[in-house]
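Reviewing the structure listed below.
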Amino acid sequence: MTATRAVTREVQVLAEGLGTFAQRLQELLRRELLSAECTITQARTLATLKIEGPKRLTDLAVLQQVTQPSMSILVARLENRGLVERVPESGGRRPTLIAITGTGRALLDSLVALRARVIQSRLEQLTEGDLEAVARALPALERLVDGPG
């Protein structure tokens, strides 16, 4: 076997392992978020609105990779809970943008804190060697997510 094939197989095994890990981590966090009565899509939508500011419903649907009718239902649920509100687009009078409210920001902050607590509790169960390995791997994992450039 050539060195290139060995590296390619190693990368394939890493890709499969990371994919499985990401899925398992997402499931762990999803279970915890459901205990906070919030779905992953709701939390992602609130995070998008907090980071990017008010968005049109159609733009939110595209960003969250859901259909417009699904996003409409999700926004209605968030609106009923006081987590988002409809606001007029600049220069307009009709409320055409969806914006996160103070209550929505507070919930999102608590979800981020919950995520950190869940991960921290799992990290505390690792050996010192495992913690060092995770710490060493973190910069490379961040580059993996950020992509080239």
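Being outside any helix (DSSP H, G or I), in contact with a Pro (Cβ under 9 Å, 6 or more places away or on another chain) and loosely packed, with under 13 Cβ neighbours inside 10 Å, is that true of even one residue in the range 71-91? Yes: one or more hits.
More than 16 Å from the chain's Cα centre (by Cα), part of a helix (DSSP H, G or I) and exposed (fewer than 11 other Cβ atoms within 10 Å of the Cβ): is that true of residue 125 in this structure? Here the answer is no, as residue 125 does not meet what is asked.
Can you say whether residue 93 is closer than 24 Å to residue 115 by Cβ, basic (Lys, Arg) and at pLDDT below 95, as far as the supplied structure shows? Give the steps one after another, and end with the answer.
Values: closer than 24 Å to residue 115 by Cβ: no; basic (Lys, Arg): yes; at pLDDT below 95: yes.
Here the answer is no, as residue 93 does not meet what is asked.
Can you work out which of the residues in the range 36-56 that are at pLDDT below 95 and over 18 Å from residue 67 (Cα atoms) is surrounded by the most Cβ atoms within 10 Å (Cβ to Cβ)? Filtering the range 36-56 for residues that are at pLDDT below 95 and over 18 Å from residue 67 (Cα atoms), the one surrounded by the most Cβ atoms within 10 Å (Cβ to Cβ) comes out as 38.
Residues checked against (1) of a type in the set (D, E, K, R); (2) within 28 Å of residue 55 (Cβ to Cβ):
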residue	(1), (2)
96	no, yes
101	no, yes
111	no, yes
115	yes, yes
121	no, no
136	yes, no
139	no, no
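Among the residues of the range 20-59, those that are over 22 Å from residue 122 (Cβ atoms), aliphatic (A, V, I, L, M) and over 11 Å from the mean Cα position of the chain (by Cα) comprise 49, 51, 57.
The values are calculated or read from the model by the stated rules, or taken from the named source; none is laboratory data. Here the structure is a predicted model, which means the values were calculated and not measured. Every residue, glycine among them, receives a Cβ derived from its backbone with ideal geometry; neighbour counts consider all protein chains shown.
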